[in-house]
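First comes the structure, then the notes that go with it.
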Amino acid sequence: MAAVNRKWSFVVAANRLPVRRVWEGDTARWVPSPGGLVSALRPVMSGNPDAVWAGWTGVPGPGAEPFEVDGFQCHPVSVSQGELQLFYEGFSNATLWPLFHDALVPPEYHRTWWDAYRTVNQRYAATVADLAAPSATVWIHDYHLLLVPGLLRTARPDLRIGFFLHIPFPARELYIRLPWRAAIIDGLLGADLIGLQTQLGADNFRRAAARVTGAKIIGKTIHHEGRATRVDAIPIGIDTGRIARLAADPAVQARATEIRHTLGSPGTVLLGVDRLDYTKGIDARLRAFKELLSEGRLSAEDCIMVQIAEPSRSQVTGYAEVRNSVEQLVGDVNGNFGVMGRPVVHYLHQSQPIEELVAMYQMADVMLVTPLRDGMNLVAKEYVASRADNTGVLVLSEFTGAAQELKTAELINPHDIEGLKTAMEAAVHRSDDEAGVAMKAMRRVVRTNTAQRWAEGFLTRLEACR
Ligand code: GDG
């Protein structure tokens, strides 16, 4: 049990705690959440007596007492039902998320959302200020908490503060539409180090900061009001070891064979795995697949597509629309090209455990990762990490952070449907030799830049600041 009132020399703050609640009959217990961030921070946090994680439990209402799960000390921050709508679904996911993803749907600007965002950020900052020991290191994550570094700097000038943005930072011309653009830049500049997924994101941030606050940029550092903030590209990785272990597990391999058999043992399986989000370009790949079938460039007898679309943010503007358009396209392809008992697109609007995803990665010949904009995209890296025999082709959007590292993928522009079709057709017909060379190079990248190395790298740079 994390003691109340004690101070910690390493504090992580993120919207969510690294845990989720599972119910067994009438009893609930906390288990560690799946996902890259938890794996990345496990080596520096789990079992570390000086480290604590502040965040929301996922259950609205008053904050619970501190607790421990799997060696992670968890300090809940409360978010009410009303704040969930205004701060989380509103400002975080209907203002910042679309604006930072190139305004793929129009961002909404509401002063009531902004007020709630500020209130919740103040609560996080106050919580961290209270938890942190003198001169502690604090690492704040993502777009839900953009104001926390600045609020914390004012309350606790002694702290070493790092911030990592998991999503893209947009072009300055887009960013400056935000009515609260100055407050957010000021908030972020409270950090000593700001990490972004790509060089482009880091450049965009520095340019926006210079324009909005008049700050001076020298090299990678922003100088403003007597303080310096270093801004770097520090791309996140995956827990490659875990994915590789799952890929080597005979039960997972047997499942991969079984899935392929269930699909009717087709010549080629194309796979998509995404949260059902308008940024992920799921409709672009379905449209391309449909046209390839109707032009006879791919055959429905030979090629099957599987699309896993994890349910996501169904209450937020834009998400019901993308679900409709994806489901309409799936129906269209199956209606036109399927035969009784054998659909051409297998679509699951369900969350899958990682074991099942790795089995899918293993059975798929072509992986389709076609976002219109994506900070990194871990699915692309997980696919590569699952291909121990160096087979498989990754079709990857240029507009993902992952494209900066996985340079031998089949890179595409998802806005260019003809180009996407050509790349998908080529991927289906790619020779094993050619695919092997490309896959080997990508596997070197995911073996080197792991989630654990990313966390160490970020913290080493943060220690070097100030
Ligand atoms: C944001 C940024 C950035 C588990 N079950 C399912 C599922 N998972 C896991 C996947 C993967 C993760 O969820 C999805 O990560 P992505 O990177 O693809 O996407 P976002 O959720 O948008 O993550 C992104 C990331 O933060 C980390 O910094 O890379 O750019 O947007 O690990 O194994 N995924 C899906 N269905 C499941 O049932 N799709």
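The values are calculated or read from the model by the stated rules, or taken from the named source; none is laboratory data. Quantities reported herein were computed from a predicted structural model and do not represent experimental measurements. Cβ: placed from backbone, ideal geometry, glycine included. Neighbour counts: every protein chain shown. Ligands, DNA and RNA are stripped out before the accessible areas are found, and what is left, the full protein with its side chains, is counted by its heavy atoms. Shrake-Rupley method; radii C 1.70, N 1.55, O 1.52, S 1.80 Å.
Full extension of the chain between F67 and D102 yields a length gain of 8.7 nm, computed as 0.36 nm times the residue separation minus the alpha carbon distance. Rounded to the nearest 5, the antiparallel percentage of DSSP beta bridges internal to the range 240-448 is 5%. Counted over the chain, the DSSP beta bridges are approximately 30% antiparallel. Rolling a 1.4 Å probe across the protein heavy atoms gives the chain an accessible surface of 40 Å² per residue. Seen from all directions on average, the chain presents a Cα convex hull projection of 22.0 nm². For the range 240-448, the relative contact order is 25 percent, taking Cα pairs closer than 8 Å that sit 6 or more residues apart in sequence and dividing their mean separation by the residue count. Qualifying GluC sites (Glu not before Pro) in the range 257-361, where qualification requires a DSSP coil assignment and no more than 16 other C-beta atoms within 10 Å, comprise E295, E301. For the range 159-208, the list of trypsin sites (Lys or Arg not before Pro) that fall in a loop by DSSP and count at most 14 other C-beta atoms within 10 angstrom reads R177.
Electrostatic tally near L145: other residues with Cβ closer than 12 Å to its Cβ, Lys and Arg +1, Asp and Glu -1, net +2.
Taking the Cα centroid of the range 177-192 and of the range 256-316, what is the distance between the two, rounded to the nearest whole Å? About 40 Å separates the Cα centre of the range 177-192 from the one of the range 256-316. Based on the Kirkwood approach, the hydrodynamic radius assigned to the range 240-448 is 17.0 Å, with every pair of different Cα atoms included. Of all aspartates and glutamates in the structure, those lying under 18 Å Cα to Cα from K7, and not within fewer than 8 positions of it along the same chain, are D50, E65, E68, D130, D158.
Each 5 Å bin from zero holds the following percent of Cα-Cα pairs in the range 140-235: 3, 15, 27, 30, 19, 5, 1. Computed from the Cβ-Cβ distance with R0 of 45 Å, the FRET efficiency linking W23 to D433 stands at 0.35.
Take every pair of alpha-carbon atoms less than 8 Å apart whose residues are at least six positions apart; their mean separation over the length of the chain yields a relative contact order of 14 percent. Each part gets one Cα centre, and for the range 95-126 versus the range 224-253 those centres are 26 Å apart. Taking 30 Å as R0, compute the FRET efficiency from the Cβ-Cβ separation of R444 and L348 and round it to 0.05. Efficiency computed from Cβ-Cβ geometry: 0.40. The stretch between D232 and Q122, if pulled fully straight at 0.36 nm per residue, gains 37.0 nm over its current Cα-Cα span. Backbone amide hydrogens, once placed in the peptide plane, bring V19 within less than 5 Å of S33, excluding anything fewer than 5 places away on its chain.
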